[in-house]
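Shown next, in structure tokens, is the structure this report addresses.
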Amino acid sequence: MRIGIVCHPSIGGSGLIATQLGIGLARKGHDIHFICRERPFKLDKLEPNIHLHLVEEINYPLFEHPLYTFALTAKIVEVAQKHHLDVVHAHYSIPHSLCCFLAEEISQYKFATITTIHGTDVTVVGQDRPLYPLNEFSINKSTKVTTVSKFQRDYIHANFNITNHIDVINNFIDMDVFTPHKKSSAVRQTLAEPDEKILMHISNFREVKNTKAVIAAFHLVQSKIKSRLVLLGSGPDIDAMKEMASDLGIIDKINFMGNITHVESLLPNADCVIQPSYHESFSMVVLEAMASAVPTVSSNVDGIPEVAIHGETGYLADPDDVVSMAGFVIDIMSNDKLQHRMGQNGRARAMQKFSWDAKVEQYLSCYQAALLEHRKSILTLEKDKKSL
Ligand code: GMT
């Protein structure tokens with residue numbers, strides 16, 4: 001198949017899944033065309049059947065902002081016509097789903113469209129009043145719609161008037177990239193003292209990630225266990241976190257690492273990962289930790305309980321219950337056997353439920369069904385035209 005993939009290239013779960021999917025499909029012999037503003041952060045190298053089409057900004061003195069949505073639509077039309085794409089897959093509905101719909105309407109060469117809803121595209125950004133009808137319209141116009149957890153599917157049905165069937169295809173992971181084998185004493189040494197335990201948090205440091213709870217929980221943890229907090233990523237909450245850590249007198253026990261594109265080299269060195277998010281359709285970070293055999297302490301919201309299992313792969317708690325979360329981290333960090341068992345359970349679960357190959361196959365079946373449906377609807381349209 002000739003497949004177009006549209007995604008946000010910046011660090012984040014939706015871009016990561018889109019990229020992994022494209023690479024997986026290419027390995028199965030399909031022709032993959034990424035259509036993005038920049039090279040996706042995890043697309044390290046292009047194979048002969050992986051192509052990257054960059055969306056050029058439209059800048060003109062009349063426009064105060066570059067017209068990304070128009071530029072992307074135009075690029076999808078160009079790539080679809082030139083490379084005869086069978087399907088175009090939009091990751092993150094805003095604005096990608098609408099751009100795909102418009103491109104298909106405009107293009108001489110017809111293709112099926114798939115939208116994968118990743119989370120904040122319907123929970124936070126997508127609920128924005130002016131955007132809401134555009135989002136709902138474009139999701140309904142997609143030939144097929146998928147999302148990443150059962151929670152997210154139910155949420156969409158409860159909050160949007162969606163007439164399409166929504167397939168749940170869980171996110172997935174490359175178990176060879178995220179692996180405990182990458183644990184390295186040389187790398188660990190750069191993060192913490194040998195007698196310090198490492199608590200890690202990875203995010204884009206936004207309100208939804210409940211970053212204050214990370215500092216508050218660590219404050220309690222470090223009073224009981226010699227430890228260090230390692231923060232991977234960056235975002236608008238970083239300054240407030242620094243201020244809070246200074247006020248609590250723990251700033252020198254925290255490493256602010258900034259954006260890291262290859263978290264897989266640092267993550268296996270953590271003793272525990274903490275993710276207290278208020279919303280999380282799935283949580284790739286929790287899955288990455290599990291694959292790396294690192295126990296997680298996370299909130300119990302949204303799709304997280306479909307990924308991590310309380311008492312097995314780590315612990316889950318209410319996002320505002322900092323005392324319980326800190327207690328769980330302390331339990332894990334003070335009991336090597338428990339830490340090891342939970343880490344192994346996490347890796348086994350990641351392997352069994354969220355392995356790459358099965359999910360790539362699921363997406364392929366979805367594309368094939370979309371293609372059939374799309375061809376049928378074109379035939380019906382042509383028949384209707386003739387009979388007029
Ligand atoms: O969490 C974010 O703010 C980023 C967002 C994204 O687009 O990368 O993450 C969402 O999609 C990921 C991949 O499907 C999920 O693992 C995250 O849970 C989801 N984030 C939220 O729902 C808040």
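What follows draws every value from the coordinates through simple rules; no lab data is involved. In this text the structure is predicted, and so the values were computed from the model without any measurement. Heads up, the Cβs are rebuilt from the backbone with ideal geometry, glycines too, and the neighbour counts pull from every protein chain shown.
Give, as a single signed number, the net charge of other residues whose beta carbon lies under 14 Å from the beta carbon of Thr147, with Lys and Arg counted +1 and Asp and Glu -1. Working shown, then result.
On the way: positive: Lys144, Lys150, Arg153, Lys359; negative: Asp121, Asp154, Asp167, Glu280, Asp302, Glu306.
Once all neighbours under 14 Å are counted, the net charge is -2.
Pairs Lys212/Lys359; Lys45/Lys141; Lys82/Lys386; Lys183/Lys242; Lys82/Lys144: which exceed 26 Å Cα-Cα? Each step should come with its number before you reach the end.
Details: Lys212/Lys359 34 Å; Lys45/Lys141 33 Å; Lys82/Lys386 28 Å; Lys183/Lys242 28 Å; Lys82/Lys144 23 Å.
Cα-Cα > 26 Å for Lys212/Lys359; Lys45/Lys141; Lys82/Lys386; Lys183/Lys242; rest within.
Kindly provide log₁₀ I(q)/I(0) values, in the same order as q = 0.12, 0.14 Å⁻¹, from the Debye equation applied to equal alpha-carbon scatterers of the chain.
-0.93, -1.19
Quick check: net charge around Ile251, other residues with Cβ under 11 Å of its Cβ, Lys/Arg +1 and Asp/Glu -1?
Working: positive: Lys242, Lys253; negative: Glu243, Asp247, Asp252.
Value of the local net charge: -1.
Quick one: Karplus J couplings for region 197-202, per residue in order, coefficients 6.51, -1.76, 1.60, θ = phi - 60°, nearest Hz, x for Gly and Pro?
7, 10, 9, 10, 9, 10
Return, ordered by residue number, the residues of region 69-103 whose backbone nitrogen is under 19 Å from a label point located 7 Å along Cα→Cβ of Leu134.
Within reach of a label on Leu134, which here means backbone N under 19 Å from a point 7 Å along Cα→Cβ, region 69-103 contributes 69-77, 90-103.
Looking only at Ala240, Ala216, Ala308, which one moves most when the chain is put into a Gaussian network model with springs between Cα atoms under 10 Å?
Residue with maximal mean-square fluctuation among Ala240, Ala216, Ala308: Ala240.
Cut-off 10 angstrom, C-alpha nodes, Gaussian network model of the chain. Which of Leu62, Leu231, Leu364 fluctuates the most?
Highest fluctuation of the listed residues: Leu62.
Within 13 Å, Cβ to Cβ, of Val79, how many net charges do the neighbouring residues add up to if Lys/Arg are +1 and Asp/Glu are -1?
Numbers: positive: Arg2, Lys75, Lys82; negative: Asp31, Glu56, Glu78, Asp86, Glu104.
Around Val79, the surrounding residues sum to -2.
Thinking of region 180-353 as a set of Cα atoms, what percent of all their pairs are more than 24 Å apart? Provide the component values of the computation, followed by the final result.
Values: 3899 of 15051 pairs.
Looking at region 180-353, the distances longer than 24 Å represent 26 percent of pairs.
If you consider only alpha-carbon coordinates, what radius of gyration and Dmax does region 27-124 have, in Å?
For region 27-124, the Cα-based Rg and Dmax read 14.0, 46 Å.
Considering the convex hull of the alpha carbon atoms of region 59-204, report its projected area averaged over all viewing directions, in nm², one decimal. Walk me through the intermediate numbers first.
Values: hull surface 55.3 nm².
Averaged projected area of region 59-204's Cα convex hull equals 13.8 nm².
Can you give the helix-only mean residue ellipticity at 222 nm for the chain, where every DSSP H stretch with n ≥ 4 adds -39500 (n - 2.57) and the sum goes over all residues, rounded to the nearest 500 deg cm²/dmol? Don't skip to the answer; put the middle values down first.
Values: 14 runs with 174 residues, N = 388.
Value at 222 nm, helices only: -14000 deg cm²/dmol.
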